[in-house]
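First the structure, in the form of structure tokens, and then the observations on it.
The values are calculated or read from the model by the stated rules, or taken from the named source; none is laboratory data. Not measured: the values here are computed from a predicted model. Heads up, the Cβs are rebuilt from the backbone with ideal geometry, glycines too, and the neighbour counts pull from every protein chain shown. Note: accessible area is taken over every heavy atom of the protein model, side chains too, but ligands, DNA and RNA are not part of it. Shrake-Rupley method; radii C 1.70, N 1.55, O 1.52, S 1.80 Å.
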Amino acid sequence: MNDLTQAYKIVLEQIEHACHIAQRDVDEVQLLAVSKTHPSEMLKTMYDMGQRAFGENYLQEALDKIEQLQDLDIEWHFIGHVQRNKTKHLAEKFAWVHGVDRLMIAERLSSQRTVAQVPLNICLQVNIDNQDSKDGCQPSEVEELVQHISQLPHLKLRGLMVIPAPNNTQAFVDAKQLFEQVKLQHAHPEDWDTLSMGMSGDMQAAIAAGSTMVRVGTALFGARDYSKL
Ligand SMILES: *Cc1c(COP(=O)(O)O)cnc(C)c1O
């Protein structure tokens, strides 16, 4: 068994274990394989093991991989910072965008999603633990953003995405509470089903707090080498 195969099995077991401890059904937590900086061949290997959802942060790198792997049935998630001038590619090429934190970005994504496509799945990124350097809207802005974004025609607003500072378990609990609280503002509350939180180092705490999607890179693919980008 090669490293990638083994790492994939270990991560799936860790998710299962975290669900067991939290007394949650393992089907409630989806694995998003975060593949930034890693070559298409590695994605293909993981695809052959059954993984379908992959997350990328850098648009050009992602577009290259989408092209190279176009024959595979991959669900592409964009988890990087969304720049205003990049929304067209995101709207056309991805199934999910996690880093939406302003109404204007959501409006552009909705108007640029082609009518022939299914709605673009969106998570609203929240700066849940008030970090200076991080993207994301403020928790106090979430209600109003949910109200407006949930009415946009070519989007499906699925939930929240957070990236708290390391070892901040309370931030996951706060995110879960906010997630439940703003559901009432949603124009289509049945679409509100995703809490995107937890990475390689804090999956278990995120799952304990109610994560429905963990975004895992390093634990699956190993350390990243940014010099090759
Ligand atoms: C890179 C990245 C991840 C994966 O982080 P690991 O610690 O490598 O698991 C998850 N979420 C986001 C938003 C990222 O940018």
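Odds and ends about this structure:
- In this structure the range 1-220 gives 47 Å² per residue of accessible area when probed at 1.4 Å with all protein chains present.
- Residue-wise HN-Hα coupling along the range 13-25, computed from phi with Karplus coefficients 6.51, -1.76, 1.60 (Hz; x: Gly, Pro): 5, 5, 5, 4, 5, 4, 5, 4, 4, 7, 6, 10, 6
- All lysines inside 17 Å of K36 as judged from Cα atoms, apart from same-chain residues fewer than 8 positions distant: K44, K65, K93, K228
- Local charge for L103 was computed over the other residues whose Cβ lies under 14 Å away, with Lys and Arg +1 and Asp and Glu -1, and equals -2.
- Percent of Cα pairs exceeding the 24 Å cut-off, where the set is the chain: 42 percent
- Apportionment of accessible area to carbon and sulfur, the range 1-220, percent (1.4 Å): 47 percent
- Put a plus charge on the Cβ of each Lys and Arg, a minus charge on the Cβ of each Asp and Glu, and nothing anywhere else: the dipole of the range 1-149 about its Cα centre is then about 440 debye.
- In Å, descending, principal axis extents of the Cα set of the range 146-229: 42, 31, 17
- A cut-off of 5 Å between modelled amide H atoms, ignoring neighbours fewer than 5 places along the same chain, links S200 with G217, T218, A219.
- Whole-Å distance, taken between Cα centres, linking the range 1-67 and the range 76-144: 21 Å
- Applying a DSSP loop filter and a limit of 16 other Cβ atoms within 10 Å to the GluC sites (Glu not before Pro) in the range 49-149 leaves nothing.
- Contact order normalised by residue count of the range 163-218, Cα under 8 Å, 6+ apart, percent: 35 percent
- Note on the chain: helix-only mean residue ellipticity at 222 nm, from DSSP H runs of 4+ residues weighted -39500 (n - 2.57) and normalised by residue number, equals -11000 deg cm²/dmol.
- Summing Lys and Arg as +1 and Asp and Glu as -1 over all other residues whose Cβ lies under 14 Å from the Cβ of P189 gives a net charge of -2.
- Per-bin percent of Cα-Cα distances, the range 82-145 [10 Å]: 22, 50, 24, 4
- For V100, nonlocal amide neighbours, meaning residues 5 or more places apart or on other chains whose placed amide H falls under 5 Å from its own, are C123, Q125.
- Backbone amide hydrogens, once placed in the peptide plane, bring E75 within less than 5 Å of A53, F54, excluding anything fewer than 5 places away on its chain.
- Cα shape, the range 37-137, gyration tensor, a/c 1.5 rule: oblate
- Whole-number percent relative contact order across the chain, with pairs defined as alpha carbons under 8 Å at least 6 apart: 21 percent
- For the range 140-149, the Karplus equation 6.51 cos²θ - 1.76 cosθ + 1.60, evaluated at θ = phi - 60°, returns couplings of 5, 8, 5, 3, 5, 5, 4, 3, 7, 5 Hz by residue, with Gly and Pro reported as x.
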